[in-house]
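Rule-based calculations on the coordinates, nothing more; no lab input. Model, not experiment: these values are computed from the prediction. Positions of Cβ are generated from backbone atoms using ideal geometry, with glycine treated the same way; all protein chains shown enter the neighbour counts.
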Amino acid sequence: MFWNKSKEETPVLATEGLSRKKTNVVKKAAITVILLSGLSVNLAFADETADSELTTIYHIYTEDQYIGALSDKNEINELMEEKIEASKSQFKDLSLTAGNNFSVVEEKVFTPATDNATTLQQVEDLIEVNANAFAISIDNEVAAYVKDLDAYNEVLQKVKLNYVSEKELNFLEARKTTTDTLPELKPGETRIVDLLVKQDVFGATMTVKPEEVVAVDDAVERLLTGVEKQETYTVQQGDVISSIASAHNLSTKQLLALNEGLQEGGTLKIGQELKVTVLEPALHFEAQYEKKAKEKIAFDKIVEETDTLYKGDTKMKTEGANGERLATYVITKENGVQTSKEMIEEEITKQVQHEVTLKGTKVMPSRGSGSFAWPAQGGYISSHMGHRWGRMHQGIDIARPSGYAILASDNGVVVAAGVEGGLGNRVIIDHNNGYRTVYGHLASINVSVGQTVPQGTNIGVMGNTGRSTGTHLHFEVIQNGTHINPMSVLK
């Protein structure tokens, strides 16, 4: 007779989700399926006339290897039951079975020769205790084993609750049982409309080693992190951050992100433990939401050029006013992180009015544009505006130019040209827009009072006249009678 164990996998009992793409999930767990089959009789030989003189013994084999003979085949069943009972305290709540690849051959002999104790000890050593479990498979790779279908469903439910609320899940479940049309969204309202898993997820009953079956919370952790256990690395002598990252297929940036306080180029300590496992959820859930919002439509600021105004002048044509709208959006989140937001409907409740400003383009040689050019041929600022030598320096000094011509900084009319105290030879230009500019210490002056000077006109030569310590230009800007820092308006 033969007592055979066969590998078996029960057809799929639970499915979840739609296949969208294959992802790298947790390391596939080994599936060991060991079942106990029935017992049948195969008569080696018999002589009906001599049955009363013969004794039946049972030869035990495993994978073509002879173990020994027994006088009572039922002792194997009893042994298996004992081993299951002994394991129940360690693996509570699991449905346990026992078995192996045993073959039993019955033989009738005149003189029985068996060693029950030795044979049973060898059989006991070979008996494997297994558990009926429920596999959670993701894209055809086993992520974890749990005890049953209820545990499987609980795991998936808890994983989902990391990304959506219980209220949202209950809402989706309720929608499955009704064909009623959803009511129109109210302004400020958001609701979930779908939740999809982006991999193939299914469950199947399997027989595995009991220690491979994990609790619900442990299975949830595996699916959320994508690993059975976070790996660490202990720093050795000679290690550097980049070499540790490379050895674990990480970028330096990833390694730094995994270990708070670790900095590129920082010092490592021998014996220091570093996390080297990038946690990536094994399951990717895509949640879709509808949202209706009352929103402001911001007005734009538009500038229109016009030759009815002088260059540098502006005038408000139309004041801006925000509009309003009711916008409906479809929002997509993957594992709780928003990945897209698309407006599918818009209702304008208040028209927007854009702000329009007129900007003058009309040019008059005697009127400044408000844009001031550098008044020298190159050079650098040798002294800034501010307190100097016990008094206020009202402008900037420009020295070491590439050429010595002094240029009108903007269009205007010369209102002063001549010697004035410490400035020596100086020129003042009124730009007829609230601004005046002053040019001091000139070696010579090329313009006269009342002369119109367009921007860039050569008005004199840089010099060292007046109270001066060397050849340079003293340059001032006056706005509505007050000195301002020339650097605030110079191009």
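General remarks:
- Orientation-averaged projected area, Cα convex hull of the chain (nm²): 45.9 nm²
- The spread of Cα positions in the stretch 160-269, taken along each principal axis and listed from longest to shortest, comes to 68, 49, 21 Å.
- Full extension of the segment from residue 253 to residue 444, taken as 0.36 nm per residue of separation minus the current Cα-Cα distance, would add 62.3 nm.
- Considering helices alone, the calculated mean residue ellipticity of the chain at 222 nm is -4500 deg cm²/dmol, with DSSP H runs of length four and up weighted by -39500 (n - 2.57) and normalised per residue.
- Each Lys and Arg adds +1 at its Cβ and each Asp and Glu adds -1 at its Cβ; summed about the Cα centre, the stretch 50-187 shows a dipole of about 1000 debye.
- Additional length obtainable on full extension of the chain from residue 154 to residue 374, 0.36 nm per residue less Cα span: 71.6 nm
- Partner aspartates and glutamates whose Cα lies under 15 Å from the Cα of residue 315, excluding those fewer than 8 positions away in the same chain, are identified as 304, 305, 307, 355.
- With all pairs of separate Cα atoms included, the stretch 285-362 yields a Kirkwood hydrodynamic radius of 15.3 Å.
- For residue 345, the residues whose amide H sits under 5 Å from its own are 328, ignoring neighbours fewer than 5 places away on the same chain, with H placed 1.01 Å from N.
- Stretching the chain fully between residue 260 and residue 348 yields a gain of 26.8 nm (0.36 nm per residue, less the alpha carbon separation).
- Under the convention that each Lys and Arg Cβ holds +1 and each Asp and Glu Cβ holds -1, the size of the dipole of the stretch 376-488 around its Cα centre is about 260 debye.
- Note that the stretch 415-421 has calculated 3J(HN,Hα) couplings of 10, 8, 7, x, 7, 9, x Hz, one per residue in order, obtained from phi through the Karplus relation 6.51 cos²θ - 1.76 cosθ + 1.60 (θ = phi - 60°); glycine and proline are x.
- In this calculation the C-beta distance from residue 419 to residue 300 is compared with R0 = 51 Å, giving a FRET efficiency of 0.45.
- Stretch in the chain that is longest and holds no GluC sites (Glu not before Pro) that DSSP places in a loop and that have at most 12 other beta carbons within 10 Å: 320-491
- The residue list 384, 80, 282 was ranked by how far each Cα lies along the charge dipole of the chain toward its positive end, using unit charges on Cβ atoms, and 384 comes out on top.
- For residue 359 and residue 485, the FRET efficiency from 1/(1 + (r/R0)^6), where r spans their Cβ atoms and R0 equals 25 Å, is about 0.50.
- Relative contact order (percent, whole number), the chain, Cα cutoff 8 Å, 6+ residue spacing: 11 percent
- In sequence order, calculated HN-Hα J values of the stretch 350-365 (Karplus, 6.51, -1.76, 1.60; Hz; x Gly/Pro): 8, 5, 7, 10, 6, 7, 10, 10, 8, 10, x, 10, 5, 9, 10, x
- Note on residue 74 and residue 280: the model spin-label points, each 7 Å out from Cα along the C-beta direction, lie 5.8 nm apart.
- When only alpha carbons are used to place a centre, the stretch 287-363 and the stretch 466-491 end up 42 Å from one another.
- In a DSSP loop and with at most 13 other Cβ atoms within 10 Å, the chymotrypsin sites (Phe, Trp or Tyr not before Pro) in the stretch 387-443 are 389.
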